[in-house]
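The values are calculated or read from the model by the stated rules, or taken from the named source; none is laboratory data. Given the structure is predicted, the values throughout are model-derived calculations rather than measurements. A quick note on method: Cβ atoms are made from the backbone with ideal geometry, for glycine too, and the neighbour counts reach across all protein chains shown.
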Amino acid sequence: MKHLLKILDLSGEEILDILNLADQLKYEKKNGIPHRRLEGKSLGMIFQKSSTRTRISFEAGMFQLGGQALYLNATDMQIKRGEPVEDTARVLSRYIDGIMIRTFDQAEVEALAQYGDIPVINGLTDFSHPCQVLADLMTVREYKGSLEGLKMCYIGDGNNMANSLIVGGLKTGMDVSIACPKGYEPDQEVMDFAKTYSNFALVRDPKEAAANADVIFTDVWASMGQEGEQEERRAAFEGIYQINKELMAVARPDCMVQHCLPAHRGEEITADVFEAHADEIFEEAENRLHAQKAVMVMLME
């Protein structure tokens with residue numbers, strides 16, 4: 001593994017290797033065992049989208065690993081004034097040891113990897129959110145003991161989270177069921193991949209998707225950059241594509257709930273269901289730190 005650009009690039013074995021290292025680093029962190037495995041290394045973090053969890057977890061993670069993280073706001077860089085991404089990649093490769101980028105276009109992440117000589121980590125694009133899904137899989141495995149044979153359900157917009165969860169779930173042996181409105185399906189590249197698996201289903205009825213699920217995921221109806229579609233999306237999702245008590249009733253009694261955050265209570269998830277599963281959701285948020293540390297160690301050590 002040279003980069004982490006999207007979950008589609010990883011094998012199931014590589015995903016599990018990352019999760020195993022993440023578990024180890026989490027254990028060491030919880031028990032006060034130093035693991036300064038990136039001593040003297042620098043990670044440049046390019047942000048074209050706002051962030052809470054991504055920025056803080058990468059910065060804290062690099063510090064705990066003995067390195068430093070440099071916050072690079074895209075509006076303050078020459079890339080904002082038209083410097084080609086390939087030139088930015090070649091310059092940064094001479095200064096630092098790795099790049100994390102949180103942006104809109106997947107092609108920008110791929111170009112950084114193509115033209116640079118250092119590892120590139122996708123902190124989020126409109127197509128993929130690999131770091132979040134690694135944390136998600138880590139959390140599910142912590143609670144359930146393994147991933148193989150579990151049923152994962154995703155309710156809502158076929159966005160970067162849906163794209164990445166489908167691939168990550170299938171590659172680690174999970175059954176995957178997705179419910180989304182017509183016109184809001186996952187990316188066609190992901191659908192083409194998923195159709196090669198017999199344990200994948202895309203349906204319109206959330207209760208059909210959630211039947212006997214071991215874990216249910218959701219995300220906001222309108223992601224960053226889609227604010228202008230808010231009312232149109234509300235009309236498509238409201239009253240149907242929501243995790244609520246009625247939906248949870250058709251899942252397994254010990255079904256987990258996961259949300260990548262931030263959550264809009266009363267929209268994609270009700271407040272009572274969110275609070276009932278808050279421990280799982282915030283463990284998921286914490287695991288961003290540990291999963292990303294594992295990725296940085298595997299790429300940069």
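Observations, loosely collected:
- Summed over the range 60-87, the residues that are surrounded by fewer than 17 Cβ atoms within 10 Å (Cβ to Cβ), within 24 Å of the chain's Cα centre (by Cα) and modelled with pLDDT of 90 or more give a count of 5.
- Total residues in the range 238-267, condition in a loop (DSSP other than H, G, I, E, B), surrounded by fewer than 19 Cβ atoms within 10 Å (Cβ to Cβ) and out of contact with any helix residue (DSSP H, G or I) (no Cβ under 7 Å at 6 or more places or on another chain): 10
- Filtered residues of the range 191-209 (kept if among the small types (Gly, Ala, Ser) and more than 23 Å from Ala236 (Cα to Cα)): Ala194, Ser198
- Qualifying position, being outside the structural domain of Lys26 (by TED's automatic domain parsing), of a type in the set (A, V, I, L, M, F, W, C) and either free of Cβ contacts under 8 Å to residues at least 24 places away in the same chain or closer than 30 Å to Lys41 by Cα (or both), among Ala236, Ala213, Ala294, Ala249: Ala249
- Options Leu25, Leu4, Leu8; residue that is buried (at least 16 other Cβ atoms within 10 Å of the Cβ), touching a Lys or Arg at 6+ places or on another chain (Cβ under 6 Å) and of a type outside the set (Lys, Arg): Leu25
- Residue in the range 268-282 that is outside any helix (DSSP H, G or I), without any contact (Cβ under 8 Å) to a residue 60 or more places away in the chain, closer than 22 Å to Glu208 by Cα and of a type in the set (D, E, K, R) present: no
- Strands (runs of 3 or more DSSP E) contained entirely in the range 130-223, each with at least 1 residues that are of a type in the set (Lys, Arg): 151-155
- Residue within the range 221-233 that is at pLDDT 95 or above and touching a helix residue (DSSP H, G or I) at 6+ places or on another chain (Cβ under 8 Å) present: no
- Number of residues in the range 44-68 that are of a type in the set (Val, Ile, Thr), touching a strand residue (DSSP E or B) at 6+ places or on another chain (Cβ under 7 Å) and closer than 22 Å to Leu21 by Cβ equals 1.
- Taking residues in the range 118-147 that are within 17 Å of Gly12 (Cβ to Cβ), and partners anywhere that are among the small types (Gly, Ala, Ser) and surrounded by fewer than 24 Cβ atoms within 10 Å (Cβ to Cβ), the pairs with Cβ atoms closer than 7 Å and at least 6 places apart or on different chains are Leu147/Gly173.
- Being within 15 Å of the chain's Cα centre (by Cα), within 30 Å of Lys41 (Cα to Cα), among the β-branched types (Val, Ile, Thr) and crowded, with 24+ Cβ neighbours inside 10 Å is not true of Val167.
- Test: residue in the range 67-90 that is farther than 17 Å from Met300 by Cα and of a type in the set (Phe, Trp, Tyr): yes
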